[in-house]
Amino acid sequence: MKHRKLPLGEKNMVGKRITEARAKLGMKQIELLSQLQTKGIDISVPALSLLEGQKRPVTDYELNALADIFHVSVDWLLGRA
């Protein structure tokens, strides 16, 4: 996995946790995008990169799908658990 070159942004609170969960599973971004698509969430590779970099807001639909994919709670993604 490549290391982030730019500092994290301030558009969401979940980007770092998404990256962490994806890395723990050894999942590539393209694999996550595929799973999101099966849940009706269609975003691009650049949009996912921006989301993980906390430079793009996350929608409630995306947040719910991500929690399902990673088998974690929304609270965990938000850093509350």
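FYI, it's all coordinate maths here, none of it is from the lab. The structure displayed is predicted, hence computed values, not measured ones. Positions of Cβ are backbone-derived with ideal geometry, glycine not excepted, and every protein chain shown enters the neighbour counts.
Using a Gaussian network model of the chain with C-alpha springs under 10 Å, which one of V45, V58, V14 is most mobile by mean-square fluctuation?
V45
Where a Cα-Cα gap under 14 Å defines reach, which aspartates and glutamates qualify for K55, not counting those fewer than 8 residues away within the same chain?
E10
In debye to the nearest 20, how big a dipole does the chain give about its Cα centre with +1 on each Lys and Arg Cβ and -1 on each Asp and Glu Cβ?
On the way: 13 positive and 9 negative charges, 86 e Å.
Taking the Cα centre of the chain as origin, the dipole is about 420 debye.
Using a 7 Å offset from Cα along Cα-Cβ at S73, what residues in the range 14-44 end up with backbone N under 20 Å from the label point?
From the range 14-44, the list is 14-22.
Mean residue ellipticity at 222 nm from the helices of the chain, using -39,500 (n - 2.57) per DSSP H segment of n ≥ 4 over the full residue count, to the nearest 500 deg cm²/dmol?
On the way: 5 runs with 43 residues, N = 81.
One gets -14500 deg cm²/dmol as the mean residue ellipticity at 222 nm.
In which sequence would I30, I43, I18, I69 go, from the one with the fewest C-beta neighbours within 10 Å to the one with the most? List each step's numbers first, then the result.
Details: I30 9, I43 17, I18 24, I69 20.
Result, fewest neighbours first: I30, I43, I69, I18.
Filter the GluC sites (Glu not before Pro) in the range 1-80 to those in DSSP coil with at most 12 other Cβ atoms within 10 Å of their Cβ, and list the result.
Loop-located and lightly packed - E10.
Name the residue, out of L66, L25, L33, whose mean-square fluctuation peaks in a Gaussian network model built on the chain with Cα pairs under 10 Å.
Comparing L66, L25, L33 in the GNM, the peak value goes to L25.
Label point 7 Å out from T38 along Cα-to-Cβ: which residues of the range 48-73 have amide N under 11 Å?
Once the point is set 7 Å along Cα→Cβ of T38, 69 turn out to lie under 11 Å by backbone N, inside the range 48-73.
Got the relative contact order for the chain handy, in percent, Cα pairs under 8 Å and 6 or more residues apart? Write down the numbers at each step before the final one.
Details: 80 pairs, mean separation 33.4, N = 81.
The normalised contact order for the chain reaches 41 percent.
Starting with the fewest neighbours, write out D68, D60 ranked by other beta-carbon atoms found within 10 Å of each beta-carbon. Please report the intermediate quantities before stating the final value.
On the way: D68 13, D60 8.
Lowest count first: D60, D68.
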